[in-house]
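Trainee: If you scroll down you'll find the structure; I have some questions about it.
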Amino acid sequence: MPTIEVQRQVLPILGSPNQGARFFNPELPSSEPFVPGHRTCAGCGPSIQYRMTTKAAGDNTILVGPTGCMYVANSSYLCTPYNVPWAHTQIGSAGSFTAGVAAAYEAMIRKGKWKGAFPNIICEAGDGSASDIGLASISGALYRNHDCLIICYDNEQYANTGIQASSRTPYGGMTTFSPPGPKVPEAKTLFPKDLARMMAAGHPHCYVATASVGYPIDLMNKVRKGLNHKGAAYLMIYTPCQKGFVYETPRSIDLGRLVVECGLYPIWEWNPEKRAYDYSFRPQNMRPVSEYLKLQGRFGHLHAEHIAKLQNFANEQWRMMGVELPEALIHAADAKNLVNMAAAVEAETVAQTL
Amino acid sequence: MSTKGTKIPERLKIPFAGITPAPTQEKGQDLFPTGNWRSIRPVYRDKLPPCNNACGTNEKIQGYLDLVKRGKYLDAYALIKEDMPFPSVTGRVCYHPCEQACNRGKYDEAISIRAVERFLGDLGQALARDVVKAGTPNGKKVAVVGSGPAGHSAAYQLARLGYKVTILEKSPKAGGLNRGGIPDWVLPQHVLDREIERLVEIGVTIKTNVEVGKDVTWDELKKNYDACVLAVGLTEPNSVRAEGENKDGVLYGLPFLRDIGMGTSKVKVGARVAVIGGGNTAIDCAREALRQGAVEVTMITVESNPQEMPAVPEDLHDMVEEGVELMHGRTVTAVLGNGRIEALQLHPARFSGAINASPITVDKEAKAERFAVDNVIIAVGQRASLGWLPDEFKTERGTIKIDRFGRLGDTNFFAAGDIVQLGSGQPLMVVNAVGDGKRVAFNLDKVLRGQALEPRTVPVDVLFDLNRMNMTYFPHFPRVQQTLLPAASRRKTQEEVIQAYSEEQAVEEASRCFSCGTCNACDNCYLVCPEPCIVRDVRSNGLYKILVDYCKGCRVCIEECPTGCLEGVPELDFDTGVVRMDTAFAVSPGLHGRQAEELKNLGDRAAKNI
């Protein structure tokens, strides 16, 4: 039996001076595999991410949607906004389903039953699926190195069931599973799972990267790099959730930038050839974490010592990236130099009057 | 759900109950028009950038900077030519009120708009044929008196409107103040000559050595032409009313420059020259005197320090760099000497009223100074010479009396330029005269067509506040400096002091533009929309469309619009006469729509004409 050469799609990398949106980019593809008319909230971060990802991937794409916001809100009444083949799978089986699709196409091409280029196979798992429930299956798909891209759109909670804490929920984040109170004033006491580094360390042959919706061109380029990489790739993308984070809808992109500038969401790439992290991405500014926290209602209860703890966490992230810390950030890591969030101050006075 | 790539058996291909239509890229999921969730609608409403607003002739500065940024130099040149007949001249001589107004000046450094304009002007000069064409002839004849900036501009606009224009110029060469008032090392003669050639190319007749009042009378103008634009300028120099001002060796600023410019100068300046006055003409005179062979040039001003001088700081700086001395707080009370100037008698003086407004108070009690000189150049302003004008049209300032449309009473005579702007509070600048000439030409056109003249009543929203833009998208970036000739060498030559931008420099500088309040097609809104319901049909024209059937009103696009062009308008404001969820664009497209339309047409026009 003659072997059939697998035709692969090679997506060009977009050029942009600052990796942000800002400049008209003539190379931007015009196709929209993700169309309007979906039922996500106004200003939805995951759907911004979905749109950019599919735009970068193009029309010859197959999407896998394990249970999550992007399945629940988008596919009611058998009607989805995806203009490319899309399939739902159980929340736990994101990796195995995606691996199956990739393996099926490999086999079909090998047997001559599929003519044409190997499609871009993308799995869009929420952080609930990617970091908790479907962790094992995704790890398996990465380990077996199926040619697919697995994306964790990280909105830091289980949002479609009504804001419950996931292992990606940051320290101090209020959810219905982690409400602040007199005993636990900081709400969530645990720091988030470092999911992307875990995937990079455990599957060093895969392309692994983090991205944020605040840097669209960077995000789209990482999607394309992941798809061009022969083998499995994994992306973790910061996508703010307006309902869970409690912010004003226009700030979606702004938060995506601030979280990076505050050091709470380091942007890096794992280079599988060199087996090394690439920390060359630098945001325009470095800011104290309070600038990110104060925009969000879920951090409104934080006291000075909690903010200091988060600043320490951010400082560690900067150090891990090999960035020299400015004096101001070290200063901000001391609770003595910080004040409580305005809402937290009010809450205390309410407790005293009661 | 898309069925692309799926093999559907024949029996399933008929539509049956329960199946929903697949979404399309064109229409989206029209089963779910999520637009009815919205309470605030994003609307593109272009504001006027402060540079366009400050420019004397309202050049579309943001527009051409944007085109230069994209490498469309010819379109940019065509855009500039709508308002400005000679960008290569103003690119050299303009005192750039646009740069003073530039919002980037509050952020780091203002855009070097003049340098980009000069780049485009020089590009236009190099073209074999200009992009501008004369209008379809309408059979009417118009005379323009004076070929200075205002006359040139009026003639240019009228020729484009289809009039048969004749310029009457009293000097042997056309150009007026552009030739006579601006030295060669700022504006080389050949540049101006080429711009005047361009004017002739679009059908304007220039008659030199024709002086109104002498060679042609008021009544003849009235009889021979359908209308007339008077742009005679200010030709007579003011005196300082000092004793012995009629002695040999006393020169006046503008005639001094004019004679050199026209090539008719017989003056040989001595080694020591004093310049009286602190304005821009005085600075040009001082620098010209150096080039004419003076060794020591001193500038004597009434202002007590350089900051108060009504001059452009850059020129002042360049002058001091070339070695001109400044002497402040004094005025000339007498010119001493026996028939020929030997020295000046100086007294301390100050302005009695506001800064730079006469009359001046001379302290006669103080001891007079004697200041030895070989020549003095007096450059303390100009006045008009209007002996030929009927008295009813003269003002007490010695200028022409006009209504707010530039018209002389009910006649078909119009006046423009310095002759009407003196004392009006507007600084006398080339660009203001050009703007005046342009507006008067349009008003004249209306009068001859029998249309009513109406002042512009459209409220203009000028964007001055940086908070209305998203500054995160603008990294700090220094201004690209134009190179200057070294101060030592430029003292002796007539070569241009300020050097032109290269193509790379022009693009780099144009890229710094914020595009304040005006859509420049940066694609931000298009890229950040979560729906995505912002679409664009033609990529390059900057016209985006919001599908209001789907827009949920999240306002991410408004927040991320770098230029502040997008605005949120409450949905309730749309209830008058507008079917909700039916209009995709603003109540009024404003400048945005117009600009996009213009840019679209420009491409065709430029391609055809060249």
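Trainee: Please find, in a Gaussian network model of chain A (springs between Cα atoms separated by less than 10 Å), the residue of A:GLY181, A:GLY126, A:GLY172 whose mean-square fluctuation is greatest.
Mentor: A:GLY181
Trainee: Would you be so kind as to identify which of B:LEU527, B:PRO188, B:PHE393 lies farthest towards the positive end of the dipole of chain B, taking Lys and Arg as +1 and Asp and Glu as -1 on Cβ and the Cα centre as origin?
Mentor: B:LEU527
Trainee: Something else about it: Give the span of region B:237-383's Cα atoms along each principal axis, as three whole-Å numbers ordered largest to smallest.
Mentor: Sorted from largest, the Cα extents of region B:237-383 read 41, 39, 29 Å.
Trainee: Order of B:332-341, A:283-292, B:68-77 by packing, highest average Cβ count within 10 Å first?
Mentor: Per-residue mean Cβ counts within 10 Å order the peptides as B:68-77, A:283-292, B:332-341.
Trainee: Further question: Got a sec to turn the phi values of region B:323-329 into Karplus ³J(HN,Hα) couplings, 6.51 cos²θ - 1.76 cosθ + 1.60 with θ = phi - 60°, whole Hz, x for Gly and Pro?
Mentor: Going residue by residue, I get x, 8, 8, 10, 9, 9, x Hz, with x marking Gly and Pro.
Trainee: Another question, then. Would you please give the residues with an amide H less than 5 Å from that of A:ALA211, counting only those at least 5 places away or on a separate chain, with H modeled from the backbone geometry?
Mentor: Close amide H contacts, sequence-distant or interchain: A:MET236, A:ILE237, A:TYR238.
Trainee: Moving on. Per-residue HN-Hα couplings for region A:310-321, Karplus 6.51 cos²θ - 1.76 cosθ + 1.60 at θ = phi - 60°, whole Hz, x for Gly and Pro?
Mentor: Per-residue couplings from phi come out as 5, 5, 4, 4, 5, 4, 4, 5, 4, 4, 4, 7 Hz.
Trainee: Can you give me the Cα centroid spacing of region A:188-240 and region B:201-249 in angstrom?
Mentor: A separation of 76 Å, based on Cα centres.
Trainee: Kindly report the accessible area of region B:237-383 per residue (heavy atoms of protein chains, probe 1.4 Å, no ligands, DNA or RNA), in Å².
Mentor: Counting only protein heavy atoms, the per-residue value for region B:237-383 is 46 Å².
Trainee: Let me ask something else about it. At 0.36 nm per residue, minus the direct Cα-Cα distance, what do B:ASN305 and B:ASN138 gain on full extension? Give it in nm, one decimal, please.
Mentor: Extending this stretch completely gives an extra 54.6 nm.
Trainee: Ok, one more. For n ≥ 4 DSSP H runs only, could you compute -39500 (n - 2.57) per run for chain B, divide by its residues and tell me the 222 nm figure to the nearest 500?
Mentor: Helices in chain B give a 222 nm mean residue ellipticity of -8500 deg cm²/dmol.
Trainee: Which percent of the Cα-Cα distances in region B:319-437 go past 18 Å?
Mentor: 67 percent
Trainee: Over the whole of B:517-526, what's the average partner chain Cβ count within 10 Å per residue? Rounded to a whole number, please.
Mentor: 3
Trainee: Using Cα atoms only, what is the angle between the long axis of helix A:252-261 and the major principal axis of chain A, expressed in degrees (0 to 90) to the nearest 10?
Mentor: Taking the Cα atoms of chain A, the angle to A:252-261 is about 80 degrees.
Trainee: Using the C-alpha gyration tensor of the protein assembly as shown, what are the square roots of 5 times its eigenvalues, in whole angstrom, with the largest one first?
Mentor: Value: 68, 33, 25 Å, ordered largest first.
Trainee: When only C-alpha pairs under 8 Å and at least 6 residues apart count, what is the relative contact order of region B:409-538, in percent?
Mentor: Computed value for region B:409-538: 15 percent relative contact order.
Trainee: Still on this structure, please answer the following. Per-residue Cβ counts within 10 Å, from other chains only, averaged over B:23-34: what number is that?
Mentor: 6
Trainee: For region B:288-422, what is the relative contact order in percent, using Cα pairs closer than 8 Å and at least 6 residues apart in sequence?
Mentor: 15 percent
Trainee: Pull up the cross-link candidates among the aspartates and glutamates for B:LYS27, meaning alpha carbon to alpha carbon under 18 Å and not fewer than 8 places away within one chain.
Mentor: Counting by Cα, and skipping residues close in sequence, B:LYS27 has these aspartates and glutamates nearby: A:GLU32, A:ASP59, B:GLU531, B:ASP537, B:ASP549, B:ASP582.
Trainee: May I ask you to rank B:VAL462, A:VAL84 by accessible area, largest first, using a 1.4 Å probe over the protein chains only?
Mentor: Highest to lowest solvent-accessible surface, that is B:VAL462, A:VAL84.
Trainee: OK, next. Could you sort the peptides B:520-526, A:267-273 by per-residue average Cβ neighbour count (10 Å cutoff), highest mean leading?
Mentor: My ranking of the peptides, most packed first, is B:520-526, A:267-273.
Trainee: Which value in nm describes the separation of the simple spin-label points at A:ALA343 and B:ALA372, placed 7 Å from the Cα toward the beta carbon?
Mentor: 8.4 nm
Trainee: What accessible area per residue, rounded to a whole number of Å², is obtained for region B:102-207 using a probe radius of 1.4 Å?
Mentor: Computed with neighbouring chains in place, this is 33 Å² per residue.
Trainee: Roughly how much accessible area, to the nearest 100 Å², goes out of reach of solvent when B and A pair up, both sides summed, probe 1.4 Å?
Mentor: About 4200 Å² of accessible surface is lost on pairing.
Trainee: Within straight cross-link reach of B:LYS367, meaning Cα distance under 13 Å, which aspartates and glutamates are found once same-chain residues fewer than 8 apart are removed?
Mentor: In chain and number order, there are no partners.
Trainee: Let me ask something additional. Beta carbons within 10 angstrom, averaged per residue: use that to sort the peptides B:289-300, B:32-43, highest first.
Mentor: The peptides rank, most packed first, as B:289-300, B:32-43.
Trainee: Right, here's the next one. How big is the dipole moment of the protein assembly as shown about its Cα centre under a simple scheme where the beta carbon of each Lys and Arg is +1, that of each Asp and Glu is -1, and everything else is neutral? Debye, nearest 20, please.
Mentor: It works out to roughly 2280 debye.
Trainee: From the Cα trace of region B:237-300, what convex hull volume per residue do you get, rounded to a whole Å³?
Mentor: 88 Å³
Trainee: Straight-line reach from B:LYS72: which lysines have Cα under 17 Å away, leaving out those fewer than 8 places along the same chain?
Mentor: B:LYS60, B:LYS81, B:LYS600, B:LYS608
Trainee: Over all residues in B:289-300, what is the mean tally of Cβ atoms on other chains that come within 10 Å of each residue's Cβ?
Mentor: 0
Trainee: Just want to confirm a number: the relative contact order over chain A, from Cα pairs under 8 angstrom separated by 6+ residues, in percent.
Mentor: 16 percent
Trainee: Largest first, how would A:CYS69, A:CYS206 line up by accessible area (1.4 Å probe)?
Mentor: The most accessible residue leads, giving A:CYS69, A:CYS206.
Trainee: Name the shape class, rounded, prolate or oblate, that the alpha-carbon gyration tensor gives for chain B, where a ≥ b ≥ c are the square roots of its eigenvalues, rounded holds for a/c under 1.5, and otherwise prolate holds if a/b is larger than b/c and oblate otherwise.
Mentor: Prolate, since a/c reaches 1.5 and a/b exceeds b/c.
Trainee: Roll a 1.4 angstrom probe over the protein heavy atoms and tell me the percent of accessible area of region B:237-383 that is carbon or sulfur.
Mentor: 48 percent
Trainee: To continue, here is another question. Charges only on Cβ, +1 for Lys and Arg, -1 for Asp and Glu: so what's the dipole of region B:251-396 about the Cα centre, in debye to the nearest 20?
Mentor: The dipole of region B:251-396 has a size of about 540 debye.
Trainee: Determine ³J(HN,Hα), in whole Hz, for all residues of region A:38-51 in sequence, where each value follows from phi through the Karplus function 6.51 cos²θ - 1.76 cosθ + 1.60 and θ = phi - 60°; x replaces Gly and Pro.
Mentor: Using θ = phi - 60°, the values come out as 8, 9, 6, 5, 5, x, 5, x, x, 6, 4, 4, 4, 5 Hz.
Trainee: To continue, here is another question. Suppose every K and R has +1 on its Cβ and every D and E has -1 on its Cβ; what is the size of the dipole of chain B about the Cα centre, in Debye to the nearest 20?
Mentor: Its charge dipole is roughly 1280 debye.
Trainee: Lysine pairs, Cα distance under 22 Å, 8 or more residues apart or cross-chain: how many in region A:137-244?
Mentor: 4
Trainee: So what's the net charge close to B:GLN426: Lys and Arg +1, Asp and Glu -1, counting the other residues with Cβ under 12 Å from its Cβ?
Mentor: -2
Trainee: Still on this structure, I have one more. Out of the DSSP beta bridges found with both residues in the protein assembly as shown, what percent are antiparallel (nearest 5)?
Mentor: Counting only bridges with both partners in the protein assembly as shown, antiparallel ones make up about 35 percent.
Trainee: Size of region A:229-334 along its principal axes in angstrom, Cα-based, largest extent first?
Mentor: Principal axes ranked by extent give 45, 33, 21 Å for the Cα atoms.
The values are calculated or read from the model by the stated rules, or taken from the named source; none is laboratory data. Given the structure is predicted, the values throughout are model-derived calculations rather than measurements. Backbone-built Cβ (ideal geometry, glycine too); neighbour counts: all protein chains shown. With ligands, DNA and RNA removed, areas are computed over all heavy atoms of the protein, side chains included. Shrake-Rupley method; radii C 1.70, N 1.55, O 1.52, S 1.80 Å.
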